[in-house]
Amino acid sequence: MNLQESIKDRADELTADCLAVEKFAVGQSVPRKEDPMLLRGQGHYTDDISMPGQAYAVMVRSQNAHGTIRAINTEAARKMLGVLGVYTGADLQSYGPLKCVVPFNNRDGSPMKKPLRQALAVGKVRYVGDPVAFVVAETVAAAKDAAEAVTIDIDALPAVTTAEAAAQPGAPQLYDEVPGNVALDYHYGDAEAVKAAFAKAIHVTKLKLVNSRLVVAAMEPRSALAAFDGRRFTFYVGSQGAFGMRANISEALGVPAKDVRVLTGQVGGSFGMKAAVFPEYICVLHAARALGRPVKWTDERSGSFVSDSHGRNHDVLGELALDADGNFLAVRLTSHANVGAFLSPVAPMPGTLNAVKNVQGMYRTPLIEVSTKVVFTNTSHVSAYRGAGRPEGNYYMERLIDAAAAETGMDRLALRKRNQISPRELPAKTASGGTYDSGDFAALTKQAVELADGKGFAKRKRESARLGKLRGLGIGNFLEVTAPPSKELADIKFNPDGTVTLASGTLDFGMGHATPFAQVLSERLSIPFDKINLVQGDSDRLATGGGSGGSKSIMHTGTAIVEAAAKVIEKGKELAAHALEAAPSDIAFDRGKFTIVGTDRAISIMELAQKLNDGAKPPADIKLPDDAPKTLDVKIASEPVPSCFPNGCHVAEVEIDPETGVVEVVKYTSVNDFGTVVNPLIVEGQLHGGVVQGIGQALMEKTAYDGDGQLLTGSFMDYAMPRAADVPSFVLADHPAPAKTNPLGVKGCGEAGCAGALTSVMNAVIDALGAYGIRHVDMPLTPAQIWQALQDAKAAGSQ
């Protein structure tokens, strides 16, 4: 059997599995609806879409990290065969800037600096990859040739690539209106109270911690296809929410939202990166209107490395104050956050507010202070990346706890247990400003350590030592705060063909929304699971929507589905009363049927919908008064539900070869509290992906620039990514404490794997190196980094 036949057979099996499951209620591991289609190669990503007569765009990017543009010569490019247009920043001046949307003030109350970013550079370039012009031609090859013919005369200026260096006096200045390159001087907390807590502390732990910059490296590079019919734009693009993307595109174009239609099909990963409007999108939209024909742009991997937003990139001094009994008194973070050359829509959040919310973790920490300088540098801009401050906040606390335990001689598990918030203290108002409503943190941690066979670790460590290896065990507790409250859409439509369409303003960029959303709707209304179809990626079908991000989708859309289903039942009782010739108060709904109480007279919800869908008129056997609803269809925007607090304990075990510095993750266990789990199979998949990304950041991934601002890790030849061989099989378990703040009791799971892996793997490696007196090594823990740390420790020990 060849590979294609094997994939087809597996896809057929998945289809059969979906149809064979008799019940699809909340809590079942139902296979994802889209998997058979995707395995057959029938998905539709942006680059798969083509329109008649489309032309192709290629970007011209700066090769200088910093400089003044003296001239852009496009004459030769315009004369080349097949070229339809060459555009520079001067051609796009009428469009609005790409904005940072989060409102922050400096510690003195003044607003943060938000220099405007146009789609194409005007006057100055600020990083390698900064788009300066673009070419549109009949073919991609012609556009590439013409793009190479565009010459840019740039007077080079000194560059600065690290946040701490950029904030120093005398550093190269990116913007005249941003002195010292500091966009935001952020502060949270009562500085005097924190200072007093540290003054009375019996022990203070301090660690300098690096949260390294990452390339997002989604499987699908960004792509966009724009068309303009003289009145309205149609725009195909990978996004995290079609409704929000439409609003942002229309604002940048200066046209009403109704004049833009955004369509998003399958998305091959985003992790926060594809949520924003990028310069290339404005470029192809402009060209489509200017040329009167569709224009398509698809990035290549080399372009993605410099044009996509990057992730993380914070330098932090973490401090933890303890009393004589090991109780936490206060935690303090003093940070520099590198946001690159421009502010993304959410650029300041990961290193500021999200650090505040998440450094608390699951611990009783009375005082928190976070001081962060958000700094511009001559690098690609930084934006949200899986967790966007959530894994980082937990990482800072967990490293501080392990270091404090080592310094004081306390057991690291006992120190955690002493400070974990107990169930009897819930709901608990925290210093980070949240209110924890549910959780059993100590029990969850105990379960994870037992599942990981913590008692047997000493024996395994001795066995590793016999083989000349170092072995370490790391605990990674996490508690993260999901995205802020927002309204969400649930639009339920009963179709004439017997199917049901559910429209939602969230968007699936690989998470598998169609299945859990259908499970919730199927459970509430007993609609056949295989009859439910999800629509998310067409802005014309959406009345509102907050998009996906911050692990909020199941909370927000799940709540909207529950509320909409209740409205369907309410309408259905009135309609069934007319069909069954009874009073609405005598109608009950159960297991998909409307029944006259005390009788066996009933009509199913699907039968009722079918009768109502008989054209535009009600069927003759249902006499509806004029004021009665004519359909079961419901469209609502749910009221916002509060953030929730997914949490867990991950336990990593590593083995290190001291001769080479190679680290191997040999054992990985996690116990998680995601509240009510709608679909365990999908949650497990989300955990796998997040854990692997966390391992990647801990052990191998790092974006590096040279002193001139040139990207040294500009391809997968230079930028390491985790592979299947780099991770062990995972042992996963649940310890649910359903949330009390939404009707399903769910907590988000999409970013939790990163939070658990980053902390547990880093702690495990430092635990293994502890025998050499090594207290901390910054990520990524590459073989060279580990080997050098061991050599330095040996040299220090011999002196």
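The values are calculated or read from the model by the stated rules, or taken from the named source; none is laboratory data. Keep in mind that this is a model prediction, so the values were computed, not measured. Cβ placement follows ideal geometry from the backbone for every residue including glycine, while neighbour counts extend to all protein chains displayed. Only protein heavy atoms, including side chains, enter the accessible area calculation; ligands, DNA and RNA are left aside. Shrake-Rupley method; radii C 1.70, N 1.55, O 1.52, S 1.80 Å.
Between segment 317-365 and segment 730-747, the alpha-carbon centres lie 25 Å apart. A P(r) calculated from all alpha carbon pairs of segment 247-373, with 5 Å bins opening at zero, reads 2, 8, 14, 15, 14, 12, 9, 8, 7, 5, 3, 2, 1, 0, 0 percent.
For segment 726-785, which semi-axes, largest first and in whole Å, follow from the square roots of 5 times the eigenvalues of its Cα gyration tensor? Here the semi-axes work out to 33, 12, 11 Å.
Note on Ser302 and Glu425: their simple-model spin labels are 5.5 nm apart, each label 7 Å out from Cα toward Cβ.
In square nanometres, what is the average projected area of the Cα convex hull of segment 139-293?
Values: hull surface 63.0 nm².
Averaged projected area of segment 139-293's Cα convex hull equals 15.8 nm².
Between beta-carbons, use under 12 Å as the cut-off and find the net charge around Asp190, counting Lys and Arg +1, Asp and Glu -1.
Numbers: positive: Lys195, Arg332; negative: Glu192, Glu369.
Counting the neighbours of Asp190, the net charge comes to 0.
Ellipsoid semi-axes for segment 571-677, based on the Cα gyration tensor and the rule √(5λ), read 57, 16, 14 Å when sorted largest first. Lys593 exposes around 110 Å² of accessible area when a 1.4 Å probe is run over every protein chain in place. Mean projected area of the Cα convex hull of segment 443-533, taken over all directions, amounts to 10.8 nm².
Span-like helix check, the chain: qualifying full DSSP H segments, with Cα axial length of 20 Å or more and mean Kyte-Doolittle of 1.0 or more, are 752-769. In terms of the Cα gyration tensor, with a ≥ b ≥ c the square roots of its eigenvalues, is segment 192-262 rounded because a/c is under 1.5, prolate because a/b exceeds b/c, or oblate? Judged from the Cα gyration tensor, segment 192-262 comes out prolate (a/c at least 1.5, a/b above b/c).
Tell me, what is a quarter of the convex hull surface for the C-alpha atoms of segment 612-765, in nm² with one decimal? Please report the intermediate quantities before stating the final value.
Details: hull surface 69.4 nm².
With every direction weighted equally, the projected area is 17.4 nm².
Distance from the alpha carbon centroid of segment 59-117 to that of segment 216-256 works out to 18 angstrom.
Both radii were evaluated on the Cα set of segment 694-740; the Rg over Rh quotient, with Rh as the Kirkwood radius, amounts to 1.26. Out of every Cα-Cα pair that segment 335-456 contains, those further apart than 20 angstrom amount to 53 percent.
In square angstrom, what is the accessible area per residue of segment 145-299 with a 1.4 angstrom probe?
Numbers: 5870 Å² over 155 residues.
Computed with neighbouring chains in place, this is 38 Å² per residue.
Neighbours of Asn763, meaning other residues whose beta-carbon lies under 9 angstrom from its beta-carbon, give a summed charge of -1 when Lys and Arg score +1 and Asp and Glu score -1. Computed over neighbours whose Cβ is under 10 Å from that of Phe278, the net charge equals -1, Lys and Arg +1, Asp and Glu -1.
Taking each DSSP H run with n ≥ 4 as -39500 (n - 2.57) and averaging over every residue of the chain yields -9500 deg cm²/dmol at 222 nm. Once a ≥ b ≥ c are taken as the square roots of the eigenvalues of the Cα gyration tensor of segment 639-726, is the result rounded (a/c under 1.5), prolate (a/b larger than b/c) or oblate (a/b not larger than b/c)? Oblate, since a/c reaches 1.5 and b/c is not below a/b. Once the mean of 1/r is taken over each pair of separate Cα atoms and inverted, the chain shows a Kirkwood hydrodynamic radius of 28.3 Å. The accessible surface of the chain, taken with every protein chain in place and a 1.4 Å probe, is 52 percent carbon and sulfur. Protein heavy-atom accessible surface, 1.4 Å probe, per residue over segment 619-670: 39 Å². Only Lys, Arg, Asp and Glu carry charge here, each on its Cβ (+1 for the first two, -1 for the last two); on that basis the chain has a dipole of about 800 debye about its Cα centre.
Any idea which of Asn742, Val665, Ala795 is furthest toward the positive side of the dipole for segment 659-799, if Lys and Arg beta-carbons carry +1 and Asp and Glu beta-carbons -1? Of Asn742, Val665, Ala795, it is Asn742. With all protein chains kept in place, the per residue accessible area of segment 323-467 amounts to 33 square angstrom at a probe of 1.4 angstrom. Size of segment 34-186: Rg and Dmax of its alpha carbons, in Å, are 20.1, 58.
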